[in-house]
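Input: a single structure, listed below in structure tokens.
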Amino acid sequence: MTDFVQNCIDGLMFGSGYALLALGFTLVFGVMKRLNLSFGPSIMLGAYAGTWVYLNISDNAWLVALATVIATIAVGIYVERLCFRAIRHDATIASMVSSFAIWMQLEEVAMHLLPERTYPFPAFFTTTTIEFGPFYARSEHITMLLLTLLLLVLLHVFLFRTRPGLALRSVSDNPLASAYMGINNSNILFLAFALVSVLGGLAGFLILSADTQVTPYFGLWATFKGLIAMMLGGMGSLPGAILGGLLLGIVEANAFWYGGPVIRDLSAYLLLFVMLIVRPGGLIGQKIVAEQRAADERV
Amino acid sequence: MLKVENIVTRYGAIEALKGMSLDAQHGEVTCLLGPNGAGKTTTMFTIAGILSPHSGSITLDGNDLTHQSAPAIVRKGISLVPENRLVFPEMSVADNLAAGAYCRSRSERTAINQDLAEVFDRFPQLKERREQLGGTLSGGEQQMLAIGRALMARPKILMMDEPSLGLAPLIVDEIFKIIQQLNQEGVTILLVEQNARMALKVAHKLYLLEQGAVTFEGSPTEMQQNELIQRAYLGAGAD
């Protein structure tokens with residue numbers, strides 16, 4: 001029992017990283033109704049920029065974080081221009097496929113430009129173990145969990161208490177009507193993409209400084225974990241993304257403890273499989289889907 | 001007030017408007033009638049800046065609006081109640097109305113709040129349901145929300161695209177009462193309707209649009225006296 005609880009605590013910590021990634025995916029999906037598969041690889045390139053600053057310029061944590069975020073935004077803008085703005089609004093599959101192509105492209109760029117491939121990523125959080133009763137947690141993981149919750153609150157305030165947030169929700173809810181209100185849809189979508197890139201950059205920075213190294217495979221890893229966490233929680237739902245990420249973390253931590261690394265990776269897919277059968281809309285998405293269906297029938 | 005002169009609007013190679021003109025007078029209800037595919041909605045879209053005309057001109061109180069962007073046109077004082085209402089289904093009633101005032105600057109905050117109170121006075125049902133999601137309202141309430149949302153931009157001219165579409169007859173009567181009331185309060189209205197009987201009741205001036213051009217214009221009495229129109233659009237002999 002002690003083991004199980006400890007695993008759940010560890011899982012919450014890992015899960016907060018997944019939750020941050022899922023937030024990025026779910027924002028793009030919620031606002032644009034499209035999947036951005038190259039989200040993970042954009043973060044990976046951003047992280048290399050952070051590492052470069054760390055190795056060549058300064059070991060200041062804020063500078064490295066800033067470099068990671070800015071480079072992620074730059075790659076994010078590149079992806080937005082090619083996969084989203086350049087493609088017609090209703091061609092959702094086309095933009096998903098092109099974001100897959102950009103994923104491959106970004107990964108190849110990383111493989112060719114970076115001869116050593118694996119680079120150290122600075123561990124900025126001093127690892128101290130915090131004990132409470134029979135359980136313990138690493139301080140950097142607690143920081144990550146708290147930051148994730150803080151970002152969720154900030155995002156909520158942005159979306160529901162500010163003017164750009166109102167515009168963003170309008171565009172996502174009914175792009176035609178928002179155009180009639182005089183909202184410039186493509187500017188707002190650009191803003192959403194920039195916001196998502198900031199989230200992604202922060203997620204990458206936090207996860208990698210706990211991992212202390214970055215490889216070109218980080219992009220694949222981040223896309224998979226983020227997508228699974230988003231689908232578990234319910235696509236397009238912000239609290240769903242957080243719940244999905246934490247649930248994935250907890251299941252993986254237990255699977256790892258009781259079954260080893262192979263079982264851990266398997267458990268993520270198994271969890272998704274079960275969720276898609278039992279609640280295809282995810283933990284939170286289901287309700288929204290059902291409400292929409294009821295409203296459609298009434299109209 | 002709003003003057004549309006000889007506009008030609010194309011969808012690719014298809015010419016939807018072939019030299020359409022209309023003139024909406026201040027304080028009046030101007031109505032566009034016509035069969036499906038005549039170009040009524042296209043006219044609205046062209047005025048609102050959603051579509052750009054190939055040639056011709058659109059002016060509001062002498063200001064040229066012809067190739068302005070949609071946000072600029074909303075700011076100049078034209079707002080649209082779209083066909084099928086198009087409320088924001090997953091946003092609250094209050095947020096739907098706030099989105100209607102999106103184009104107004106922050107300095108107008110007091111005026112915006114005042115307009116919000118006015119909309120709630122006009123439509124008490126919306127006030128009761130201010131936290132409810134737009135998609136959960138009935139058809140008539142959604143139409144009121146769409147009208148309220150357009151009023152939140154404090155327009156000089158309100159364009160309404162088929163406000164009676166898909167509503168029960170009783171609700172249609174109510175919507176037309178609202179239109180008349182708005183007009184009596186001094187709101188200039190450009191109305192697109194298929195419901196000719198209702199249109200004749202509220203309009204000061206009517207335009208009949210067929211295949212992208214105006215084929216008749218005149219007052220409701222002139223229109224009712226025209227035998228051809230009687231037969232084609234009003235079902236002469238029915239009553």
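We did not get these values from a lab; they are worked out from the coordinates using the rules stated. A quick note: this is a predicted structure, and the numbers were derived from the prediction, not measured. Cβ atoms come from the backbone with ideal geometry, glycine included; neighbour counts cover every protein chain shown.
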(request) Would you mind ranking A:TYR48, A:TYR136 by Cβ crowding within 10 Å, fewest neighbours first? (result) A:TYR136, A:TYR48
(message) So if I take the centroid of the Cα atoms in segment B:124-152 and the same for segment B:163-229, what is the distance between those two points in Å?
(response) 23
(request) Have a look at A:LEU159, A:TYR54, A:VAL97 and report the one farthest towards the positive end of the charge dipole of segment A:2-297, computed about the Cα centre with Cβ charges (Lys/Arg +1, Asp/Glu -1). (result) A:LEU159
(message) At a 10 Å Cβ-Cβ cut-off, how would you order A:TRP257, A:TRP62, fewest neighbours first?
(response) A:TRP62, A:TRP257
(message) Suppose every Lys and Arg Cβ carries +1 and every Asp and Glu Cβ carries -1, with no other charges. What dipole size does segment A:2-297 come out with about its Cα centre, to the nearest 20 debye?
(response) 720
(request) Tell me what chain A gives for mean residue ellipticity at 222 nm when only DSSP H runs of n ≥ 4 count, each as -39,500 (n - 2.57), the sum divided by the residue total, rounded to 500 deg cm²/dmol. (result) -26000 deg cm²/dmol
(request) Summarise the long-distance tail of P(r) for chain B by giving the % of C-alpha pairs beyond 27 Å. (result) 34
(message) If the only charges are +1 at each Lys and Arg Cβ and -1 at each Asp and Glu Cβ, what is the size of the charge dipole of the protein assembly as shown around the Cα centre, to the nearest 20 debye?
(response) 300
(request) With unit charges on the beta carbon (Lys/Arg positive, Asp/Glu negative), name the residue among A:LEU199, A:TYR258, A:VAL31 whose Cα is farthest towards the positive pole of the charge dipole of the protein assembly as shown. (result) A:LEU199
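Indicate the gyration tensor shape class of segment B:114-233 (rounded, prolate or oblate), computed on the Cα atoms with a ≥ b ≥ c the square roots of the eigenvalues: a/c under 1.5 is rounded; otherwise a/b larger than b/c is prolate and the rest oblate.
Judged from the Cα gyration tensor, segment B:114-233 comes out prolate (a/c at least 1.5, a/b above b/c).
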(request) List the equivalent ellipsoid semi-axes of the protein assembly as shown in whole Å, largest first, each obtained as the square root of 5λ for an eigenvalue λ of the Cα gyration tensor. (result) 55, 24, 20
(request) Provide A:ILE142, A:ILE242 in ascending order of the number of other Cβ atoms located within 10 Å of each residue's Cβ, fewest first. (result) A:ILE142, A:ILE242
(request) Decide, for chain A, between rounded, prolate and oblate: order the square roots of the alpha carbon gyration tensor eigenvalues as a ≥ b ≥ c, take rounded if a/c falls under 1.5, and otherwise choose prolate if a/b is larger than b/c, else oblate. (result) oblate
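Indicate, rounded to the nearest 5 percent, the antiparallel portion of the DSSP beta bridges found entirely in the protein assembly as shown.
Counting only bridges with both partners in the protein assembly as shown, antiparallel ones make up about 60 percent.
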(message) Helix-only estimate, please: 222 nm mean residue ellipticity of chain B, summing -39500 (n - 2.57) across DSSP H runs of length 4 or more and dividing by its residues, to the nearest 500.
(response) -11000 deg cm²/dmol
(message) Taking a ≥ b ≥ c as the square roots of the Cα gyration tensor eigenvalues, with a/c under 1.5 meaning rounded and otherwise prolate when a/b beats b/c, else oblate, which class fits segment A:1-55?
(response) oblate
